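Have a look at the structure below before the remarks.
The values are calculated or read from the model by the stated rules, or taken from the named source; none is laboratory data. These numbers were taken from a predicted model, which means no experiment stands behind them. Cβ: placed from backbone, ideal geometry, glycine included. Neighbour counts: every protein chain shown.
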Amino acid sequence: MPHALRLNRLIAALPLDSQRRLAANLELVPLPLGKVLYESGETLRHAYFPVDCIISLIYVMESGASAGILVVGNEGMVGMALFMGGDNTTSRAIVQSAGFAYRLSAQKFKDEFNLYSDLLILLLRYTQSLITQIAQTAVCNRHHSIDQQLCRWLLLSLDRLSGNHIAMTQELIANVLGVRREGITEAAGKLQRSGIIEYSRGHITVVDRMHLERLSCECYAVVKKETDRLMQQT
């Protein structure tokens with residue numbers, strides 16, 4: 001079994017026999033920054049298990065305005081609609097930090113899900129963590145400042161990467177958070193002047209994570225605690 005499979009926490013949490021069955025059908029694919037994996041209303045053809053990339057699910061309004069619903073990295077998967085009773089979703093899935101992911105065809109995913117309880121139990125726990133993230137994001141967008149939202153988003157992204165570097169443009173951050181680009185520019189500028197991050201041409205390096213956590217609202221801690229609790233049960 002490829003060592004990289006275990007870099008995805010969902011796959012790593014499965015018993016070895018389940019990992020081997022998946023490994024026979026998984027395809028490692030590069031996911032460049034900004035790539036759209038699917039649009040709202042499209043039939044899902046694949047499930048994706050990120051290794052070192054981050055994928056955002058974004059809701060896009062008829063006017064073109066958008067807001068991020070959740071972020072997925074090496075702790076999870078994209079394509080939950082495949083086992084939730086539908087083959088499509090109302091959100092757009094876009095790569096917000098480039099890297100690689102394992103891709104599994106929709107049918108192979110359903111076969112594994114329907115035949116074996118290990119993946120079923122694991123995905124139900126993961127779904128609960130996603131519900132927490134979605135709910136907390138809604139609260140955060142309504143009650144907290146752009147500065148706090150940016151800190152939350154940076155921390156959630158870091159938790160899903162192996163280092164402290166994020167390749168991400170301010171325009172894409174603004175689209176994910178559903179705010180004006182000028183607001184992100186101002187908020188990022190404050191963090192950079194305080195020595196918390198370094199930002200240059202779409203590359204963000206978090207220099208002082210502890211300070212970033214102090215500036216973030218409680219929404220980040222709620223999501224992290226619930227995700228860790230549920231994943232530790234596996």
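Checking each residue in segment 16-32 for being surrounded by fewer than 11 Cβ atoms within 10 Å (Cβ to Cβ) and either of a type in the set (A, V, I, L, M, F, W, C) or within 24 Å of the chain's Cα centre (by Cα) (or both) picks out Leu16, Ala24, Glu27, Pro32.
A single member of Asn175, Asn164 is farther than 24 Å from Arg20 by Cα, modelled with pLDDT under 90, crowded, with 22+ Cβ neighbours inside 10 Å and not assigned by TED's automatic domain parsing to the domain that holds Val36, and it is Asn175.
Is it true that some residue in segment 89-108 is part of a helix (DSSP H, G or I), more than 14 Å from Thr43 (Cα to Cα) and not acidic (Asp, Glu)? Yes: segment 89-108 contains one or more residues that are part of a helix (DSSP H, G or I), more than 14 Å from Thr43 (Cα to Cα) and not acidic (Asp, Glu).
Does Gly99 count as crowded, with 19+ Cβ neighbours inside 10 Å and in contact (Cβ under 8 Å) with a residue 24 or more places away in the chain?
On the way: crowded, with 19+ Cβ neighbours inside 10 Å: yes; in contact (Cβ under 8 Å) with a residue 24 or more places away in the chain: yes.
Judged against the criteria, Gly99 is a match.
In this structure, is Thr90 in contact (Cβ under 8 Å) with a residue 24 or more places away in the chain, exposed (fewer than 15 other Cβ atoms within 10 Å of the Cβ) and over 17 Å from the mean Cα position of the chain (by Cα)? Judged against the criteria, Thr90 is not a match. Any residue in segment 189-202 that is assigned by TED's automatic domain parsing to the domain that holds Gln148 sitting within a Cβ distance under 9 Å of a residue that is aromatic (Phe, Trp, Tyr)? List the pairs, counting only those 6 or more apart or interchain. Note: pairs meeting the criteria are Gly189/Tyr199; Leu191/Tyr199; Gln192/Tyr199.
Taking segment 180-192 as the range and being surrounded by fewer than 18 Cβ atoms within 10 Å (Cβ to Cβ) and either among the hydroxyl-bearing types (Ser, Thr, Tyr) or in contact with a strand residue (DSSP E or B) (Cβ under 9 Å, 6 or more places away or on another chain) (or both) as the test, the residues that pass are Thr185, Gly189, Gln192.
Can you tell me which residue among Ala187, Ala221 is aliphatic (A, V, I, L, M), at pLDDT below 90 and either part of a helix (DSSP H, G or I) or closer than 15 Å to Ser97 by Cβ (or both)? So that I can check it myself, show each step before the final result.
Working: Ala187 fails: at pLDDT below 90.
Result: Ala221 is the single residue among Ala187, Ala221 that is aliphatic (A, V, I, L, M), at pLDDT below 90 and either part of a helix (DSSP H, G or I) or closer than 15 Å to Ser97 by Cβ (or both).
Quick one: would you say Val78 is out of contact with any Cys (no Cβ under 8 Å at 6 or more places or on another chain), assigned by TED's automatic domain parsing to the domain that holds Leu31, surrounded by fewer than 22 Cβ atoms within 10 Å (Cβ to Cβ) and under 14 Å from Val36 (Cβ atoms)? Criteria not met by Val78. Considering each residue of segment 61-77 in turn, at least one proves to be closer than 20 Å to Thr137 by Cα and of a type in the set (D, E, K, R). In a residue-by-residue description of segment 147-154, the property of being in contact (Cβ under 8 Å) with a residue 24 or more places away in the chain and over 16 Å from Gly68 (Cβ atoms) applies to at least one position.
The residues in segment 50-62 that are farther than 10 Å from Phe100 by Cβ and surrounded by 14 or more Cβ atoms within 10 Å (Cβ to Cβ) can be counted, and the count is 7.
Give segment 4-57 a look and list any residue that's among the β-branched types (Val, Ile, Thr) and under 20 Å from Trp153 (Cα atoms), or say none.
Result: Val36, Val51, Ile54, Ile55.
On the given criteria, is Thr205 touching a residue at least 40 places away in the same chain (Cβ under 8 Å) and either in the same structural domain as Val51 (by TED's automatic domain parsing) or in contact with a Cys (Cβ under 9 Å, 6 or more places away or on another chain) (or both)?
Details: touching a residue at least 40 places away in the same chain (Cβ under 8 Å): yes; either in the same structural domain as Val51 (by TED's automatic domain parsing) or in contact with a Cys (Cβ under 9 Å, 6 or more places away or on another chain) (or both): no.
So Thr205 does not fit the description; no.
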